[in-house]
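Participant: Quick one: the structure is below, questions incoming.
The values are calculated or read from the model by the stated rules, or taken from the named source; none is laboratory data. Nothing here was measured: the structure is a model prediction, and the numbers come from that model. Methodologically, a virtual Cβ is constructed for each residue, glycine included, from the backbone with ideal geometry; neighbour enumeration extends over all protein chains shown.
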Amino acid sequence: MRLVPLVIALVATGPAAARADGYYFTESLGGTRVHDELSRFTRSGASFRIALGMREGHWALEGWLGGLDSYTTALDDASYWSGSLLMYGADVKYLQPVSRHFQLYVRGRVSAAQTHLFDDDYAGRGLGIAAGIQLEGKGSVLGLLAWPLFFFFHKGPQMTGALWLEDGYDFYRLHGPAGRPAVDAAMTTISGGFAVGTDF
């Protein structure tokens, strides 16, 4: 999370943004390190997310669905966990251009998660923060047939595309049946993804 203070400072002092409004789809894949009580079951995992978003000027709102799949087990308690965590929520992002095609952003997140622990269902709410960098530009819809050529192919209908990389932190408190103690899950994630849509 050392990236977050730097990005916040650059966002606060960066140049004014050109107007950019529109709707978009984004998906991502990342590696997650698990802390707190959930680390009794897994130390790390692969995270994924799909989202629909709307941007207006500097601000964007995303509704998303994602998950965490464990790829390393921890202690003996690992046998009491399903091995996956389903998550969904909403993000608010503030984006600031630093050049024609590069933008920095920070985001806040409210979310919920659910999983299966000790032969029971556990669920709870969460909060998160992140900072990232985004490469954005216009390209052809036909360029999606060969993604590396998207920004260089300008024939046919045009759309906006972006590649991004972010460093994030999320915290969940998962509650099970009455009388059972809650399970806390803190997760740090490095993820990357792409977005396509209208002028966003």
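Participant: Taking into account only those residues within region 161-175 that are at pLDDT below 95 and among the small types (Gly, Ala, Ser), which is nearest to the chain's Cα centre (by Cα)?
Facilitator: Among those that are at pLDDT below 95 and among the small types (Gly, Ala, Ser), it is 162.
Participant: Pairs please, first residue from region 157-171 and over 18 Å from residue 133 (Cα atoms), second anywhere and in a strand (DSSP E or B) and among the basic types (Lys, Arg), Cβ atoms under 7 Å, 6+ apart in sequence or on different chains.
Facilitator: Going by the 7 Å Cβ cut-off, the qualifying pairs are 158/138; 170/109.
Participant: Separate question: Looking only at region 176-200, which residues are over 20 Å from the mean Cα position of the chain (by Cα), among the aliphatic types (A, V, I, L, M) and surrounded by fewer than 17 Cβ atoms within 10 Å (Cβ to Cβ)?
Facilitator: 178, 182
Participant: Could I ask something else about it? Tell me, please, whether a residue that is touching a Ser or Thr at 6+ places or on another chain (Cβ under 8 Å), of a type outside the set (D, E, K, R) and either under 18 Å from residue 191 (Cβ atoms) or modelled with pLDDT under 95 (or both) can be found in region 90-101.
Facilitator: Within region 90-101, one or more residues are touching a Ser or Thr at 6+ places or on another chain (Cβ under 8 Å), of a type outside the set (D, E, K, R) and either under 18 Å from residue 191 (Cβ atoms) or modelled with pLDDT under 95 (or both).
Participant: On the given criteria, is residue 107 at pLDDT 95 or above, of a type in the set (D, E, K, R), under 20 Å from residue 22 (Cα atoms) and part of a strand (DSSP E or B)?
Facilitator: yes
Participant: Next up: Across region 44-87, what is the number of residues that are of a type in the set (Gly, Ala, Ser) and at pLDDT below 95?
Facilitator: Here the count works out to 10.
Participant: Out of (1) at pLDDT below 95; (2) among the aliphatic types (A, V, I, L, M); (3) not in a helix (DSSP H, G or I), what's the single condition that is false for residue 190?
Facilitator: Result: residue 190 fails condition (1) only.
Participant: For residue 200, which of the numbered conditions (1) in a loop (DSSP other than H, G, I, E, B); (2) of a type in the set (A, V, I, L, M, F, W, C); (3) at pLDDT 90 or above fails to hold?
Facilitator: (3)
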